[in-house]
Amino acid sequence: MAVLKIIEYPDPRLRIKAKPVEAVTDDIRQLAADMLETMYAAPGVGLAATQVNVHQRVLVVDVTQEQDQPLAFVNPEIIEREGTTEAEEGCLSVPGIFDRLSTRSSRIVVRALGRDGKPFELEADGLLAVCIQHEMDHLMGKV
């Protein structure tokens, strides 16, 4: 595994919309592993491939204190949303800046492919839901 370079605002590459992954290959699995290592080293709780200058729809998260529940999402899509929440968010691409956002759903169901290439759905709320939505914004070229 490798720690990748996180690109920072105002780098224009952060505005590139990520393309769907055609197949979960060894390269995609390695990317997810490297992204997790990068996220933990930063330290952070989420990272989108866009932030490491790879413009494919891959994101990783782990919101646990122990950093022992890594999740990888390939081609994620939110299929259900419920409620709204206001949360203070930080970003590894905008270090040291935190902002309170009220545009997040309080509960989501996300569908994606895992590192094994198999589809899964995950219901998320709280910090996990906020984190997934934040990283999906990056995949859409939003900072």
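Values for this structure:
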| item | result |
| --- | --- |
| Filter result for the condition that a residue is within 15 Å of residue 120 (Cβ to Cβ), at pLDDT 95 or above and aliphatic (A, V, I, L, M), over 72, 41, 23 | 72 |
| Matching residues in segment 10-42 - criterion: being open to solvent by 90 Å² or more (accessible area, probe 1.4 Å), under 16 Å from residue 142 (Cα atoms) and not basic (Lys, Arg) | 10, 12 |
| Among residues of segment 69-105, those that are among the polar types (S, T, N, Q), touching a Ser or Thr at 6+ places or on another chain (Cβ under 9 Å) and touching a residue at least 40 places away in the same chain (Cβ under 8 Å), counted | 2 |
| Test result for residue 40, out of contact with any helix residue (DSSP H, G or I) (no Cβ under 9 Å at 6 or more places or on another chain), touching a residue at least 12 places away in the same chain (Cβ under 8 Å) and not in a helix (DSSP H, G or I) | no |
| Within segment 117-137, tally of residues that are open to solvent by 40 Å² or more (accessible area, probe 1.4 Å), of a type in the set (A, V, I, L, M, F, W, C) and in a helix (DSSP H, G or I) | 1 |
| Flag if residue 66 is out of contact with any Gly (no Cβ under 9 Å at 6 or more places or on another chain) and at pLDDT below 95 | no |
| In segment 77-116, the residues that are of a type in the set (Ser, Thr, Tyr) and open to solvent by 90 Å² or more (accessible area, probe 1.4 Å) | 84, 103 |
| Residues (under 18 Å from residue 103 (Cβ atoms) and among the β-branched types (Val, Ile, Thr)) located in segment 45-87 | 78, 84, 85 |
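Listed here are the residues, each with its yes/no results for (1) over 21 Å from residue 14 (Cβ atoms); (2) in contact with a Pro (Cβ under 7 Å, 6 or more places away or on another chain); (3) part of a loop (DSSP other than H, G, I, E, B).
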| residue | (1), (2), (3) |
| --- | --- |
| 64 | yes, no, yes |
| 68 | yes, no, yes |
| 88 | no, no, no |
| 95 | no, no, no |
| 98 | no, no, no |
| 108 | yes, no, no |
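The values are calculated or read from the model by the stated rules, or taken from the named source; none is laboratory data. Bear in mind the structure is a predicted one, so any value in this text is a computation, not a measurement. FYI the Cβ positions are ideal-geometry reconstructions off the backbone, even for glycines, and counts take in every protein chain you see. Accessible surface is based on the protein model in full, side chains and every heavy atom, while ligands, DNA and RNA are left aside. Shrake-Rupley method; radii C 1.70, N 1.55, O 1.52, S 1.80 Å.
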